[in-house]
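Since the structure comes first, as structure tokens, the remarks are kept for the end.
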Amino acid sequence: MEKSILAKRKAQKLARDGQVQAAIDEMRHLLEESEADPYDHVYLGDLLMRRGEQGEAVACYQAAVRSYESVGLIRNAIAVGKKVLRIDAGQHGLHRTLGELYDREGLSGEAMP
């Protein structure tokens, strides 16, 4: 766990210092090496968006949605899902996923178009 925290801090410092690609590399390595915190996917997606890599960022955000859902943080999953749709409204499968998440959270009215 401590190794994971150190890697996140290193990535954050690299990003603050303007070394976004190095921060991306650090986060990718972290995600490959350890059990990821759902937010790690979000942070990597944010870094990728800064580099203009929208497709990869969306994939990271979608991984965050699945990860948040798997640990029971449904509202966080919904928030990240909405972020994806602001970037790319054409993610049809995500529309269905969000509807299901809204329903699971008791927000059925939000699940309706």
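The values are calculated or read from the model by the stated rules, or taken from the named source; none is laboratory data. Remember, predicted model here, so these are calculated numbers, not experimental data. Here the Cβ positions follow ideal geometry from the backbone for every residue, glycine too, while neighbour counts run over all protein chains shown. With ligands, DNA and RNA removed, areas are computed over all heavy atoms of the protein, side chains included. Shrake-Rupley method; radii C 1.70, N 1.55, O 1.52, S 1.80 Å.
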Q. For the stretch 12-47, which GluC sites (Glu not before Pro) are in a loop by DSSP, counting at most 11 other Cβ atoms within 10 Å?
A. GLU35
Q.
Rounded, prolate or oblate, given the Cα gyration tensor of the stretch 1-52, with a/c below 1.5 counting as rounded?
A. oblate
Q: Between HIS95 and GLU33, with labels modelled 7 Å along Cα→Cβ, what's the label distance in nm to one decimal, could you check?
A: 4.1 nm
Q. Rg to Rh ratio, the stretch 44-83, alpha-carbon atoms and Kirkwood radius?
A. 1.02
(Q) Using a 7 Å offset from the Cα along the Cα-to-Cβ direction at both LEU107 and ARG86, what is the distance between the two label points in nm, to one decimal? (A) 1.4 nm
Q: Would you look at the GNM of the chain, springs on alpha carbons closer than 10 Å, and say which of GLY99, GLY18, GLY55 moves the most?
A: GLY18
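Treating only the Cβ of Lys, Arg, Asp and Glu as charged (+1, +1, -1, -1), what charge dipole size does the chain show about its Cα centre? Round to the nearest 20 debye.
On the way: 16 positive and 18 negative charges, 71 e Å.
The dipole of the chain has a size of about 340 debye.
Starting from the exponent 0.38 and prefactor 2.2 Å, build the expected Rg for the stretch 6-95 from its residue count and divide its actual Cα Rg by it. Provide the component values of the computation, followed by the final result.
Details: Rg = 12.9 Å, N = 90, 2.2 N^0.38 = 12.2 Å.
Compared with the compact-globule rule of thumb, the stretch 6-95 sits at 1.06.
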(Q) Quick check: the angle from helix 20-33's long axis to the longest principal axis of the chain, C-alpha only, nearest 10 degrees? (A) 70 degrees
Q | Accessible surface of MET49 - all protein chains present, 1.4 Å probe, nearest 10 Å² | A | 70 Å²
Q) Pairing the Cα long axis of helix 2-16 with the longest principal axis of the chain, what angle in degrees results, from 0 to 90 and rounded to the nearest 10? A) 90 degrees
Q.
Relative contact order of the chain, please, whole-number percent, based on alpha carbon pairs below 8 angstrom and at least 6 residues apart.
A. 15 percent
Q: With springs only between Cα atoms under 10 Å apart, run a GNM on the chain and tell me which of VAL58, VAL42, VAL20 wobbles the most.
A: VAL20
Q | Simple spin-label estimate for LEU6 and ALA79 in nanometres, 7 Å along Cα-Cβ | A | 3.0 nm
